[in-house]
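The values are calculated or read from the model by the stated rules, or taken from the named source; none is laboratory data. Owing to the predicted nature of the structure, the values given are computational and were not obtained by experimental measurement. Glycine gets a Cβ as well: all are built from the backbone with ideal geometry, and neighbour counts include every protein chain shown.
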Amino acid sequence: MDQFLIAKVPAIASCPEIHQFTEADAKQVSAYHQSLPGYAPTRLCRLNALAEALGVSGIYVKDESSRFGLNAFKALGGSYAIGRYLADRLGLRPEELTYERLTSPENKSRLGEMTFCTATDGNHGRGVAWTAQQLGQKCVVYMPKGSAEERVMNIRALGAEVIVTDLPYDPTVRLARETAEKNGWITVQDTAWEGYTEIPLHVMQGYMTMACEAFNQLEGVKPTHIFLQAGVGSMAGAVAGLNKLLCYPDMPTVVIVEPHTADCHYRSALAGDGSIRNTPGDLNTIMAGLACGEPNPISWNLIRCSAQFCLAGPEYMAADGMRVLANPLGGDPRIVSGESGASGFGAFYEIMTKKELTSIRETLGLNSRSNVLFFSTEGATDRENYRKIVWEGAYSDHQEQ
């Protein structure tokens, strides 16, 4: 399917979860991340030449390819969730949480050896494995069928045990959860289910560091639009929720972006009753980080409270986004963005350049006064596929593969 489909999010005035995404919470989370080895803010790229060419006021892309040397933003969530879990075991308050405290000889002795378990398409598992390695703990990672070998090897290089299943993503999550329960491991997942909400909430809170950096780096420029790609929706919900509290009442238009083959948020929005709708099937997409058929119920509430539209698009939106970011105009910086990381930007690029998408452009109010913010949440985490798309032109317009 090469169409772009858009649905209005069935809004709610507020939700209890949003009160966990305040500016004070964000500062506390950021303080913890700043204590971790290798922390540095990632760059916010201003694409001035491209903005002029596309007829908008400004284009801003947060480039997460350098985060903790892991080529993706996900370690922000896993590290904070594990940090909070260990802090609770030690009786530390959130504001007392630092890497130094967690790794002191006394506290390491008190904590003993633990095993953290998760399911991932790549980036989240790599972040959890990195955190476990940093804190001297064990890690087991389950991955769905078809996972790129490079992503598997990157996680194993961090000392984690990796099991690639013959299942799609959502059943792999359930398998990891069941195995962890049997073995007494700690599940660190970025989606919630009945009786399991605290760790997913902390994962989402971890993503506020990325959003806070971006808002500070904008240096007073107020986005009129924010495009946020969604898998289970945890990043999108966290950024949208924090953005609402920081920007109210001058709220930008927030657009949630997914591939057609994993469009659970679009389906949920289209239903119009506020209930979650899942996407069945194998969820085959080049956007591996978005190949999720079941929304996180916590983030769905935040999206309903803080976003306006859900958009489902074809594979080539991500591929075109990757190519455009890799080949900048004028003096714009080059951005290496992976398939999932470029999808939000790619959707915007198609909307601004295709005549048949004029109605969507008008619905979103994109015009010469628009300042548009994107989060390139990963670099080239599968370099073979990146070259296939950027060098060889795979997944081009009307040539889905």
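Selection of the stretch 328-361 for residues being surrounded by fewer than 24 Cβ atoms within 10 Å (Cβ to Cβ), farther than 15 Å from residue 225 by Cβ and free of Cβ contacts under 8 Å to residues at least 60 places away in the same chain yields 334, 354, 355, 356, 358, 359. Any residue at all in the stretch 360-378 that is more than 26 Å from residue 222 (Cα to Cα) and assigned to a strand (DSSP E or B)? Checked against the condition, which is being more than 26 Å from residue 222 (Cα to Cα) and assigned to a strand (DSSP E or B), the stretch 360-378 yields no hits at all.
Among residues of the stretch 94-108 being touching a residue at least 24 places away in the same chain (Cβ under 8 Å) and not in a helix (DSSP H, G or I), the one that is farthest from the chain's Cα centre (by Cα) is 103. Among the residues of the stretch 259-295, those that are under 20 Å from residue 226 (Cα atoms) and assigned to a loop (DSSP other than H, G, I, E, B) comprise 263, 287, 295. With respect to being in the same structural domain as residue 372 (by TED's automatic domain parsing), under 25 Å from residue 123 (Cα atoms), surrounded by fewer than 18 Cβ atoms within 10 Å (Cβ to Cβ) and not small (Gly, Ala, Ser), residue 62 falls outside the description. Provide a single number: the residues in the stretch 362-401 that are among the hydroxyl-bearing types (Ser, Thr, Tyr), farther than 30 Å from residue 206 by Cα and buried (at least 21 other Cβ atoms within 10 Å of the Cβ). Residues meeting the conditions: 1.
This table checks each residue for (1) assigned to a helix (DSSP H, G or I); (2) assigned by TED's automatic domain parsing to the domain that holds residue 293; (3) in contact with a Phe, Trp or Tyr (Cβ under 9 Å, 6 or more places away or on another chain); (4) not basic (Lys, Arg).
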site	(1), (2), (3), (4)
211	yes, yes, yes, yes
222	no, yes, no, no
237	yes, yes, yes, yes
244	yes, yes, yes, no
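Taking the stretch 109-133 as the range and being farther than 21 Å from residue 378 by Cα, part of a loop (DSSP other than H, G, I, E, B) and either touching a residue at least 40 places away in the same chain (Cβ under 8 Å) or not assigned by TED's automatic domain parsing to the domain that holds residue 151 (or both) as the test, only 114 passes. Checking the conditions here, which among 230, 319, 262 is crowded, with 24+ Cβ neighbours inside 10 Å, free of Cβ contacts under 8 Å to residues at least 40 places away in the same chain, closer than 20 Å to residue 376 by Cα and of a type outside the set (Asp, Glu)? Going through 230, 319, 262 in turn, the sole match is 262.
Residue by residue, here is whether (1) outside the structural domain of residue 362 (by TED's automatic domain parsing); (2) closer than 23 Å to residue 340 by Cβ; (3) not in a helix (DSSP H, G or I) holds:
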{"position": "12", "(1), (2), (3)": "no, no, yes"}
{"position": "18", "(1), (2), (3)": "no, no, no"}
{"position": "28", "(1), (2), (3)": "no, no, no"}
{"position": "40", "(1), (2), (3)": "no, yes, yes"}
{"position": "49", "(1), (2), (3)": "no, no, no"}
{"position": "53", "(1), (2), (3)": "no, no, no"}
{"position": "79", "(1), (2), (3)": "yes, yes, no"}
{"position": "83", "(1), (2), (3)": "yes, no, no"}
{"position": "86", "(1), (2), (3)": "yes, no, no"}
